[in-house]
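This report concerns only the one structure given below.
The values are calculated or read from the model by the stated rules, or taken from the named source; none is laboratory data. Quantities reported herein were computed from a predicted structural model and do not represent experimental measurements. So basically every Cβ, Gly included, is an ideal-geometry build from the backbone, and we count neighbours across all protein chains shown.
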Amino acid sequence: MQCAESLRAQAYFDGEVDAVAAADVERHIAQCPECTALLEELTQMRAGMRRELEYAEAPPRLRVAIERMLDQETAAGTTAPSTAQLRTVARRPTSPAWRTRAFWLGAFGGLGAALAASVVLFVLSATPPDPLLDDVIAAHVRSLMPEHLTDVVSTDRHTVKPWFAGHVDVSPVVADFAAQGYRLVGGRADYFDHQRAAVVVYQHGAHVINVFTWVAGRQTLPDRTTRSGYHVAFWRVGNLQYCAVSDAGWDELSALVRLLRDAGASDAR
């Protein structure tokens, strides 16, 4: 007979529970042979899929170039044609020769667009699976659900910083950069990489920025990457690993990272 907690155990395995629920599930698993066996089976299955999954890694320079173009396209938006442009189009010749040339121009233009889309799809799909990066993105998306963003709501660092004691396994850098456009919203506890991670939440315009902190491991992480439409920046301060995630542009995210790195260096001194 299947254990009644098996579904929660699967949610725990997928990183879909908060820190409090994760601790409760871990206590149950320690006393339940069925759920222990279930987690072992899921772990072996995931390891086998990652081991057998083949992928072709695109050159880093190509990925960076495509991400830059996508950022520029997003910033530029779409521009309506001017009256002069519309008149120019209206005056184009309609002879058979022009229609033939326009047909081939359109065909080759469509082919070029399809080829560009294929390159983007190849680069994005060629990104090797990274469990930690997937967990960070899942935690960020989960936080955007109603009433999941913060456990402690305050713009005062002297309120947010002490709250983490006893709730998480680390003591993160907490600062309010409202003067620079990054308002401290609060903090919460999250759970991934088998740790109770600290999350400091900032608001920048219409964008939410989650800054995760946990004890750094041996895993080599990129300085910056993009996954599922979210920009992710990693950096270390001492033995702590930091990660900022948001749908804000790279310039906005990088500016907050610089502020936090400087604040971390000041705290270390």
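Structure above, values below:
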read-out	value
Condition broken by residue 140, with the remaining ones in (1) farther than 27 Å from residue 69 by Cα; (2) in a helix (DSSP H, G or I) satisfied	(1)
Test: residue in the stretch 251-269 that is in contact with a Leu (Cβ under 9 Å, 6 or more places away or on another chain) and farther than 18 Å from residue 64 by Cα	yes
Condition met for residue 238 (over 23 Å from residue 23 (Cα atoms) and at pLDDT below 90)	yes
Residue within the stretch 171-180 that is assigned to a strand (DSSP E or B), of a type in the set (Phe, Trp, Tyr) and at pLDDT 85 or above present	yes
Test: residue in the stretch 41-50 that is surrounded by 13 or more Cβ atoms within 10 Å (Cβ to Cβ), at pLDDT 80 or above and either of a type in the set (Val, Ile, Thr) or more than 23 Å from the chain's Cα centre (by Cα) (or both)	yes
Residue 149 being in contact (Cβ under 8 Å) with a residue 24 or more places away in the chain, under 30 Å from residue 69 (Cβ atoms) and part of a loop (DSSP other than H, G, I, E, B)	no
Hits in the stretch 25-46 (condition: closer than 12 Å to residue 5 by Cα and of a type in the set (Lys, Arg))	27
Qualifying positions in the stretch 192-219 - out of contact with any strand residue (DSSP E or B) (no Cβ under 7 Å at 6 or more places or on another chain) and surrounded by 16 or more Cβ atoms within 10 Å (Cβ to Cβ)	192
Any hit, the stretch 214-221, residues being within 14 Å of the chain's Cα centre (by Cα) and closer than 18 Å to residue 135 by Cβ	yes
